[in-house]
Every structure is written in structure tokens, then in C-alpha cells.
Amino acid sequence: MRGKLKDKKAAKKIIKRAKEHPDWYTKEDVKFAKMVKRRIKLEKLKAKEDCDSWRQSKDIIKFIDNLHN
């Protein structure tokens, strides 16, 4: 997780600096930074979604166990 945070911060810095100084970075650099930022965001959302589905399945198991008792 630590590496992802550094990557996200670096991507944000590149995007911000490119807005202020367009001649510092190429369009490809900025596109790549945006792609990295978007990928990290999607991975985070997927992890949260997997966690939520795990919680739901645990709740269903508890409900079924309570029915049998």
C-alpha cells in the first residue's frame, strides 16, 4: 500500500506541475500520470467492493446459522 501512495502522490504532482508549467512535461507524461492515478483509484474501489461482499456473505452465514439454532 505504501508504494501505491507514493505513486499516487507523484502522479498528482506531475499533473499539477504540468498545469502550471506545460513545457516541463510531455503530453504522454501527463497521460501516464493520469492513468496511474486512475488505476490506483480503481484498485482501491475494487478492494472495498470485495470487502463489502465478504461482509455480506458473513452476514448471510450468521443468518442461516441462527435459523438452524
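Please treat every number below as a calculation from the coordinates, not as lab data. Keep in mind that this is a model prediction, so the values were computed, not measured. Note: ideal-geometry Cβ built from the backbone for every residue, glycine included; neighbour counts use all protein chains shown.
Observations on the structure shown:
- Within segment 19-46, the residues that satisfy the criterion of being assigned to a helix (DSSP H, G or I) and surrounded by fewer than 13 Cβ atoms within 10 Å (Cβ to Cβ) are 19, 20, 27, 28, 31, 35, 38, 41, 42, 43, 45, 46.
- Pairs, first within 15 Å of residue 17 (Cβ to Cβ) in segment 30-43, second surrounded by 14 or more Cβ atoms within 10 Å (Cβ to Cβ) and of a type in the set (Phe, Trp, Tyr), C-beta under 6 Å, six or more apart: none
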